[in-house]
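Visitor: Sharing a structure below in structure tokens format, with a few things to ask.
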Amino acid sequence: MGKYLYYILSNSKLADYYNSFVKSATNSHQRVEPAIISKTKIPVPPLDEQRLIADFLDYKTSQIDVIIKGKERLIELLQEQRQAIITEAVTKGLSPETTKMKDSGIEWLGEVPEHWEIKKIKYLFKQIDERNNSEDAELLSLYTDIGVKPRKELEQKGNKAQTVIDYKIVKKNDIVVNKLLAWMGAISISDYEGVCSPDYDVYRKIDEEIEPRFYHYYFRSHYFKGDCYRFGKGIMMMRWRIYPEQFKSIFVVKPPYDEQVQIVNYVERIYTEYENLIEAINNQIKKLHEFRESLIYEAVTGKIDVRGFRKGE
């Protein structure tokens with residue numbers, strides 16, 4: 001009875017039913033009154049048939065789970081491959097096989113095209129600390145995975161600010177850095193005009209021969225995160241900060257402007273192609289989850305006759 005009951009209670013339709021009775025002061029402490037659960041009526045087939053249903057669902061759901069895990073792993077591999085392609089483009093150029101190379105002097109970077117310059121960030125970007133005095137300004141947040149986004153689009157992912165007065169002004173194409181999480185990749189270009197937390201650092205290009213989107217991809221590469229860690233300071237890993245003076249002292253590449261633009265166009269085409277592929281796989285995973293739920297529901301409600309099922313068949 002135990003395993004059969006597990007599948008009954010894990011049925012999404014029953015969960016939807018219970019959700020209508022949820023009592024909670026906060027989302028993290030939702031509960032259903034025991035009296036509601038005790039009054040719930042469920043189908044109770046003979047014990048032998050309960051075991052057959054449980055065995056059938058164990059077998060079928062495990063097959064589905066293996067397929068789902070395979071597709072999730074495929075997404076991870078695609079993301080890794082995409083990042084490797086992007087990193088190669090922003091650190092070696094688009095044709096490293098036919099380009100004369102030189103030692104960059106940067107340990108992790110190795111050789112770069114001979115005609116690329118190596119400069120400290122402070123000669124390419126300046127730190128901006130302009131403050132906001134309007135309550136109507138668009139509040140922006142920086143997320144490690146998705147970059148700079150308006151907080152209103154992702155309200156559930158963070159606490160709403162009480163005020164945006166004295167927040168730092170961010171203009172389109174500014175680079176925003178979370179000094180506490182830069183070593184984890186919390187650096188991004190902003191596609192928006194707005195304001196961000198005073199705890200973030202904002203950088204704006206000072207060289208007209210700079211395409212900020214090139215540095216967006218360069219700064220978010222795995223190896224540059226290591227530079228942020230090496231130049232950072234802190235008493236423990238989760239309190240590790242890269243302060244502006246240290247950030248601006250990091251050496252980076254500077255390809256010719258036209259080449260920066262070409263690399264950005266290539267990288268964004270690659271990014272979109274992979275994103276479309278990943279989205280298609282995520283849709284497949286969603287359908288597999290829906291099929292799994294449907295299978296459980298139909299089995300525990302007797303819509304599938306499992307009496308002829310045998311383990312291993």
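The values are calculated or read from the model by the stated rules, or taken from the named source; none is laboratory data. The model shown is predicted, which means the values in this text are computed figures rather than measured ones. Here the Cβ is made from the backbone with ideal geometry for all residues, glycine too, and neighbour counts use every protein chain on show. SASA here: full protein model, heavy atoms, side chains in, ligands and nucleic acids out. Shrake-Rupley method; radii C 1.70, N 1.55, O 1.52, S 1.80 Å.
Visitor: In whole percent, what relative contact order does the chain give with Cα contacts below 8 Å and a gap of six or more residues?
Guide: 22 percent
Visitor: Separate question: Helix 257-300 versus the longest principal axis of the chain: what angle, 0 to 90°, nearest 10, using Cα atoms?
Guide: 10 degrees
Visitor: Quickly estimate the mean residue ellipticity at 222 nm for the chain, helices only: each DSSP H run with n ≥ 4 gives -39500 (n - 2.57), and the total goes over all residues, rounded to 500.
Guide: Helix-only estimate at 222 nm: -14000 deg cm²/dmol.
Visitor: Next up: Extension gain ASP136-ARG73, at 0.36 nm per residue separation less the Cα-Cα distance, in nm?
Guide: Once the chain is fully extended between ASP136 and ARG73, it gains 18.4 nm.
Visitor: Another one. Please compute the per residue accessible area over the chain with all protein chains in place, 1.4 Å probe, rounded to a whole number of Å².
Guide: Per residue, the chain has 58 Å² of solvent-accessible surface.
Visitor: Now for a separate question. Any lysines with Cα under 19 Å of the LYS3 Cα? List them, leaving off those in the same chain fewer than 8 positions away.
Guide: LYS13, LYS41, LYS60, LYS303, LYS311
Visitor: Stretch LYS205-ILE235 to full length: gain in nm at 0.36 nm per residue minus the Cα-Cα span?
Guide: 7.6 nm
Visitor: Testing the spin-label approximation: label points 7 Å from Cα along Cα→Cβ at LYS287 and ARG307. State their distance in nm.
Guide: Placing both labels 7 Å beyond Cα along the Cβ direction yields 3.4 nm.
Visitor: Next question. Would you pull out the residues with amide H under 5 Å of SER141's amide H, same chain only if 5 or more places away, H placed 1.01 Å from N?
Guide: LYS149, ARG151
Visitor: Along the three principal axes, how long is the chain when you take its alpha carbons, biggest first, rounded to the nearest angstrom?
Guide: 78, 52, 35
Visitor: Over all directions, how big on average is the projection of the convex hull of the alpha-carbon atoms in region 122-206, in square nanometres?
Guide: Result: 5.4 nm².
Visitor: Round to a whole number: what % of the accessible area of region 154-283 belongs to carbon and sulfur, probe 1.4 Å?
Guide: Carbon and sulfur together cover 52 percent of it.
Visitor: Taking the Cα-to-Cβ direction at LYS171 and at THR99 and moving 7 Å from each Cα, how far apart do the two end points lie in nm?
Guide: So the two model labels end up 2.9 nm from each other.
Visitor: Here's another thing I want to ask about it. Is there a pair in LYS92/LYS120; LYS149/LYS286; LYS100/LYS225; LYS149/LYS172; LYS205/LYS233 whose C-alpha atoms are over 23 Å apart, and which pairs would that be?
Guide: LYS149/LYS286; LYS100/LYS225; LYS205/LYS233
Visitor: Leaving ligands, DNA and RNA out of it, work out the accessible area of PHE56 with a 1.4 Å probe and give it in Å² to the nearest 10.
Guide: Answer for PHE56: close to 20 Å² accessible.
Visitor: Compute the long axis of helix 47-92 from its Cα atoms, compare it with the longest principal axis of the Cα atoms of the chain, and write down the angle in degrees, 0 to 90, nearest 10.
Guide: Its long axis makes an angle of about 10 degrees.
Visitor: Only residues of region 88-103 count here: report those whose backbone N is under 20 Å from the spot 7 Å along Cα→Cβ of GLU114, or say none.
Guide: 91-103
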